[in-house]
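Participant: Quick one: this structure, given as structure tokens, is what I'll be asking you about.
The values are calculated or read from the model by the stated rules, or taken from the named source; none is laboratory data. It should be emphasised that the depicted structure is a prediction, and the values quoted were computed from it without experimental measurement. Note that each Cβ is placed from the backbone with ideal geometry, even for glycine, and that neighbours are counted across all protein chains shown.
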Amino acid sequence: MKTVTIRLIVMAVFLTAAIGVKAQLTGREIIKKVYDRPTGNDQTSILTMTLTNSSGQTRIRKIKQFTKDFGKVEKKIMFFMSPADVRNTSFMNWSYDNDNADDQWIYLPALKKVKRISSDSKSDYFMGSDFTYDDLGDRKLDADVHKLLREETLNGNPCYVVESVSKDKDYMYSKTITWIRKDSFVGVKKEFYDEDGELLKILEIKKVANISGIWVIEHSLMKNVQRNHSTDISLSDVKINSGVNASMFTERMMMRGL
Amino acid sequence: MKTKLTVFIIILLLWGSGYIQAQGVEVSGFARTYEGVLVDNGNFGIVQQTLNLNFEKKGNKVAFKANPMLYMYNSDSLDLRMREIYMDMYFKNFDLRLGKQQVVWGKADGVFITDIVSPLNLSEFLLADFDEIRTGVISAKLDYYIGNGTIEAIWIPQFTPTIRPASNSIWYVQPDFPAPAKFDWSKDKVTPSLENSEAFLKYSTITSNVDFSVMAGYTWDDNPTMHVQKIFGRDTSTMPPKPYLKSLIITPQHHRLAVGGGSFSTEIKGLIFRGEAAYYHGKYFQTKDPKAIDAIVQKDYLNYVIGLDFSVGEVKMSTQFIQKYILDYDSQLIDDEAQNMATFLLRYDMMRETLHLQLFSYIGLNKGDALIRPKITYDYEDGFSILLGSNIFVGDKEGMFGQYYNNSMVYCKIKYSF
């Protein structure tokens, strides 16, 4: 009887361990779930960026943006509403599922023409904010090596903590560390480390809302801890799957504007 | 009288703007002060105050825009220009724009190859901002959309020539004639008529690999051809009397041009390659050939540009090579067979995009002259910028840029956008 009990206990321990190993996601699998999280077929919102400098002075940028998933390509168009000197500027990005580089165009109303621009400058900061184009866009899953560091609770939410290191040694971040909620696979905090391995920026997600069954980050704050300035991003008038027309993502609409 | 009328119109515009805003019309624009000092003698080369107003209303089916601009030169000269005023009609697959409008074509920066629909205002040479260097044309424009492509058809009932510097301007270049010259302006105007209208057609598309366009135009040469009639006298102080060039009668006249061309832009490994070319048929060139009627001869020419945009670190750069090549060249022509030019642009944004450093340069490769334009812009506040810059003319004094060696200038522009 005793032998049987011991055997059962040993089997149970092995089984539990086996299930545990199988259930334990790798860093890559976690990030893949973040990337694969449903975002809807299309999305419309007004993005307000508040840039605060080290003296506490603020500048505000307002953008209306439309995104649509066309299967192998995701298209995005942004119309700049303010400040006055950039009003009616528009920006369009086509991002591909394969390894093709993004296509990007900008329309400057003063020049009255749509210009193709290089998508290679993803390390450039977007409109003087603390977000680079790369921070705002979808990074390719295998551009980084992902490693699960630990699991911990953040603001009452159980999270995975994943470190991502770029395969490109010249990349502007030596690593990033992301806190990802286990229940929704939404990243809720991210630390960015500079090329010297020093903490550069911290992104905190302030509000996540479920709109039409889709998790949407509605409010986030990026702080540059080295230069003591920050950028607050909030989304309003968010609409998911509202049937944005494919013709929105064309040169015609870039020039016509809102 | 004209000044009083201009002031009245502006007061009416400003007074009315509050009312029309209430009607859902969006009012935007800028106020700008622009002062430049000539390096050569310390004189003010430019003292200009500008008010730019944009009235716009957009609907799903129709829209309109009116863009009056008021320029005040020195302290007393007012110049009101209606830069654009047009109505839009939007349909499912096409749009129609009617009225005075600026049309910008091509992929080149700062040079005009297929970008020939809107003529240029060269009253300040090439120094005006690119959005102010073009003049609007009264026209009907139809844009028909097929996928990511657009067919653009433009009809211009009334020809508008290039605006040249006034004879009292520092940008006016006195022509050097071998004998006293008299101008006959009787043929300078093109009578507005159906027969004299202009037409342009373009197909353009953007794709994941390349953006390109092809265009054709039946237009007028924006710059008049100088028909030169030579009047000979007889020098009776010699025996036998010798003929000599007594005077010239110069008759500026615009001629028809047929133009066909295209442009492309593509990205290869983070570099943007651009190109644009146009074939011009019907252009008249000045010639030294004594047998040539009116001292001109008709030749076709090719005008093209190739350009590259790239980044070095956070510095954005762009360079272009431009060539104007006269076909079936004749050595008697005043112009060179190939006129080569290059441009170079360098831009660096710093302090979270509030401080912008820029250097733009035109380089005339035939004569070895250049216009170098460094500038620094600080965004003191959103919509409020302070610009300090310089226009430096260097090189051969017979070159397009070197001829203005006396006009090198430092300047300041302060602009408030609203």
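Participant: What is the one condition in (1) of a type outside the set (V, I, T); (2) in a strand (DSSP E or B); (3) under 14 Å from the mean Cα position of the chain (by Cα) that B:A128 does not satisfy?
Facilitator: With respect to (1) of a type outside the set (V, I, T); (2) in a strand (DSSP E or B); (3) under 14 Å from the mean Cα position of the chain (by Cα), B:A128 is out only on (2).
Participant: Let me ask something else. Since B:I85 meets every condition but one in (1) of a type outside the set (K, R); (2) surrounded by fewer than 18 Cβ atoms within 10 Å (Cβ to Cβ); (3) on the phi > 0 side of the Ramachandran plot, which condition does it not meet?
Facilitator: (3)
Participant: Could you please give the count of residues in region A:174-189 that are at pLDDT below 95 and among the hydroxyl-bearing types (S, T, Y)?
Facilitator: Final tally of qualifying residues: 1.
Participant: Taking the condition in a strand (DSSP E or B), away from every other protein chain (no Cβ under 13 Å) and touching a residue at least 60 places away in the same chain (Cβ under 8 Å), does A:K207 pass?
Facilitator: Working: in a strand (DSSP E or B): yes; away from every other protein chain (no Cβ under 13 Å): yes; touching a residue at least 60 places away in the same chain (Cβ under 8 Å): no.
So A:K207 does not fit the description; no.
Participant: Just checking, which of B:S204, B:S247 is within 14 Å of another protein chain (Cβ to nearest Cβ) and either touching a Gly at 6+ places or on another chain (Cβ under 6 Å) or in contact (Cβ under 8 Å) with a residue 12 or more places away in the chain (or both)? Explain how you work it out, then say what you get.
Facilitator: Working: B:S247 fails: within 14 Å of another protein chain (Cβ to nearest Cβ).
Answer to the check: B:S204.
Participant: Next up: Of everything in region B:22-50 that's at pLDDT 65 or above and farther than 24 Å from B:V410 by Cβ, which residue is nearest to the chain's Cα centre (by Cα)? Write out each step before concluding.
Facilitator: At the first step, the residues of region B:22-50 found to be at pLDDT 65 or above are B:23-50.
In the following step, the residues that additionally are farther than 24 Å from B:V410 by Cβ were identified as B:23-29.
On the way: B:Q23: 35, B:G24: 33, B:V25: 30, B:E26: 28, B:V27: 26, B:S28: 24, B:G29: 21 Å.
Ranking the candidates gives B:G29 first.
Participant: Need a quick list: strands (runs of 3 or more DSSP E) entirely within region B:215-310 having at least 1 residues that are surrounded by 14 or more Cβ atoms within 10 Å (Cβ to Cβ) and of a type in the set (F, W, Y). I'd like the intermediate steps shown before the answer.
Facilitator: Working: elements: B:225-235, B:242-253, B:256-268, B:271-286.
Once the strands (runs of 3 or more DSSP E) in region B:215-310 are filtered for at least 1 residues that are surrounded by 14 or more Cβ atoms within 10 Å (Cβ to Cβ) and of a type in the set (F, W, Y), what remains is B:256-268, B:271-286.
Participant: (1) without any contact (Cβ under 8 Å) to a residue 24 or more places away in the chain; (2) under 15 Å from B:L38 (Cα atoms); (3) among the hydrophobic types (A, V, I, L, M, F, W, C): which one isn't true of B:C412, the others all being true?
Facilitator: With (1) without any contact (Cβ under 8 Å) to a residue 24 or more places away in the chain; (2) under 15 Å from B:L38 (Cα atoms); (3) among the hydrophobic types (A, V, I, L, M, F, W, C) applied to B:C412, the lone miss is (1).
Participant: Mind checking whether some residue in region A:42-57 is in contact with a strand residue (DSSP E or B) (Cβ under 8 Å, 6 or more places away or on another chain), at pLDDT below 95 and of a type outside the set (D, E)?
Facilitator: Residues of region A:42-57 in contact with a strand residue (DSSP E or B) (Cβ under 8 Å, 6 or more places away or on another chain): A:42-54.
Keeping just the survivors that are at pLDDT below 95 gives A:53-54.
After this cut, where a residue has to be of a type outside the set (D, E) as well, the list is A:53-54.
Yes.
Participant: Show the residue pairs meeting these rules: Cβ distance below 6 Å; 6+ apart or different chains; first residue within region B:100-112 and more than 10 Å from every other protein chain (Cβ to nearest Cβ); second residue part of a loop (DSSP other than H, G, I, E, B) and surrounded by 18 or more Cβ atoms within 10 Å (Cβ to Cβ).
Facilitator: Going by the 6 Å Cβ cut-off, the qualifying pairs are B:K100/B:G136.
Participant: Can you pull out the residues in region A:130-164 that are among the small types (G, A, S) and either under 29 Å from A:R61 (Cβ atoms) or within 14 Å of the chain's Cα centre (by Cα) (or both)?
Facilitator: Keep residues of region A:130-164 that are among the small types (G, A, S), which gives A:137, A:143, A:156, A:164.
Correct list: A:G137, A:A143, A:S164.
Participant: Further question: Being within 14 Å of chain A (Cβ to nearest Cβ), hydroxyl-bearing (S, T, Y) and assigned to a strand (DSSP E or B) is the filter here, so list the residues in region B:344-369 that pass it.
Facilitator: Scanning region B:344-369 gives a single hit, B:Y348.
Participant: Please work out if A:D97 is exposed (fewer than 14 other Cβ atoms within 10 Å of the Cβ), at pLDDT below 95 and over 18 Å from A:I217 (Cβ atoms). Show your work before the answer.
Facilitator: On the way: exposed (fewer than 14 other Cβ atoms within 10 Å of the Cβ): yes; at pLDDT below 95: yes; over 18 Å from A:I217 (Cβ atoms): yes.
The answer is yes for A:D97.
Participant: Which numbered condition in (1) within 23 Å of the chain's Cα centre (by Cα); (2) more than 7 Å from chain B (Cβ to nearest Cβ); (3) not aromatic (F, W, Y) is the only one that A:K115 fails?
Facilitator: Of the numbered conditions (1) within 23 Å of the chain's Cα centre (by Cα); (2) more than 7 Å from chain B (Cβ to nearest Cβ); (3) not aromatic (F, W, Y), the odd one out for A:K115 is (1).
Participant: Give, as residue ranges, the strands (runs of 3 or more DSSP E) completely inside region B:40-110 that count at least 2 residues that are in contact with a helix residue (DSSP H, G or I) (Cβ under 9 Å, 6 or more places away or on another chain) and closer than 16 Å to A:R252 by Cα. Outline the logic, then answer.
Facilitator: On the way: elements: B:44-58, B:62-73, B:77-90, B:94-101.
Here the list reads B:77-90.
Participant: Hey, among A:D85, A:D120, which residue is assigned to a loop (DSSP other than H, G, I, E, B), under 23 Å from B:E314 (Cβ atoms), facing another protein chain (nearest Cβ under 9 Å) and acidic (D, E)? If you could, list the steps in order and put the result at the bottom.
Facilitator: Details: A:D85 fails: assigned to a loop (DSSP other than H, G, I, E, B).
After ruling out the rest, the residue left standing is A:D120.
Participant: Another question, if that's okay. Just need a number here: residues in region B:169-203 that are of a type in the set (F, W, Y), more than 20 Å from the chain's Cα centre (by Cα) and over 16 Å from B:T225 (Cα atoms).
Facilitator: As a first pass, look at region B:169-203 and keep what is of a type in the set (F, W, Y): B:171-172, B:177, B:183, B:185, B:200, B:203.
Next, only the ones that are more than 20 Å from the chain's Cα centre (by Cα) stay: B:177, B:183, B:185, B:203.
Then keep just the ones that are over 16 Å from B:T225 (Cα atoms); that gives B:203.
Here the count works out to 1.
Participant: Let me ask something else. If we scan region A:207-224, do we find a residue that is among the β-branched types (V, I, T), more than 30 Å from B:M351 (Cβ to Cβ), buried (at least 18 other Cβ atoms within 10 Å of the Cβ) and touching a Leu at 6+ places or on another chain (Cβ under 9 Å)?
Facilitator: Taking every residue of region A:207-224 in turn, at least one turns out to be among the β-branched types (V, I, T), more than 30 Å from B:M351 (Cβ to Cβ), buried (at least 18 other Cβ atoms within 10 Å of the Cβ) and touching a Leu at 6+ places or on another chain (Cβ under 9 Å).
Participant: Still on this structure, please answer the following. Which one of these is touching a residue at least 24 places away in the same chain (Cβ under 8 Å), farther than 30 Å from B:F130 by Cα, within 11 Å of chain B (Cβ to nearest Cβ) and over 15 Å from the mean Cα position of the chain (by Cα): A:T52, A:T26?
Facilitator: Details: A:T26 fails: within 11 Å of chain B (Cβ to nearest Cβ).
Answer to the check: A:T52.
Participant: When region B:123-136 is examined, which residues are found to be aliphatic (A, V, I, L, M), buried (at least 18 other Cβ atoms within 10 Å of the Cβ) and without any contact (Cβ under 8 Å) to a residue 60 or more places away in the chain?
Facilitator: Within region B:123-136, B:I133 is the sole residue that qualifies.
Participant: Additional query: For the structure I just gave you, tell me whether A:R59 is closer than 18 Å to A:T231 by Cα, touching a residue at least 12 places away in the same chain (Cβ under 8 Å) and at the interface with another protein chain (Cβ under 7 Å from one of its Cβ atoms). Steps first, please.
Facilitator: Values: closer than 18 Å to A:T231 by Cα: yes; touching a residue at least 12 places away in the same chain (Cβ under 8 Å): yes; at the interface with another protein chain (Cβ under 7 Å from one of its Cβ atoms): yes.
Against the criterion (closer than 18 Å to A:T231 by Cα, touching a residue at least 12 places away in the same chain (Cβ under 8 Å) and at the interface with another protein chain (Cβ under 7 Å from one of its Cβ atoms)), A:R59 qualifies.
Participant: Which residues, taken from region A:211-258, are among the hydroxyl-bearing types (S, T, Y) and at the interface with another protein chain (Cβ under 10 Å from one of its Cβ atoms)?
Facilitator: Our first condition is that a residue be among the hydroxyl-bearing types (S, T, Y); within region A:211-258, this holds for A:212, A:220, A:230-231, A:234, A:236, A:242, A:247, A:250.
Across region A:211-258, the qualifying residues are A:T231, A:S247, A:T250.
Participant: Could you run through region B:376-393 and say how many residues are more than 14 Å from chain A (Cβ to nearest Cβ), crowded, with 17+ Cβ neighbours inside 10 Å and not small (G, A, S)?
Facilitator: Counting residues in region B:376-393 that are more than 14 Å from chain A (Cβ to nearest Cβ), crowded, with 17+ Cβ neighbours inside 10 Å and not small (G, A, S) gives 3.
Participant: Here's a check for you: in region A:123-173, which residue that is part of a strand (DSSP E or B) and of a type in the set (G, A, S) is farthest from the other protein chains (Cβ to nearest Cβ)? Give the derivation first.
Facilitator: At the first step, the residues of region A:123-173 found to be part of a strand (DSSP E or B) are A:125, A:132, A:144-154, A:157-166.
Checking which are of a type in the set (G, A, S) leaves us with A:164, A:166.
On the way: A:S164: 23, A:S166: 17 Å.
The residue in question is A:S164.
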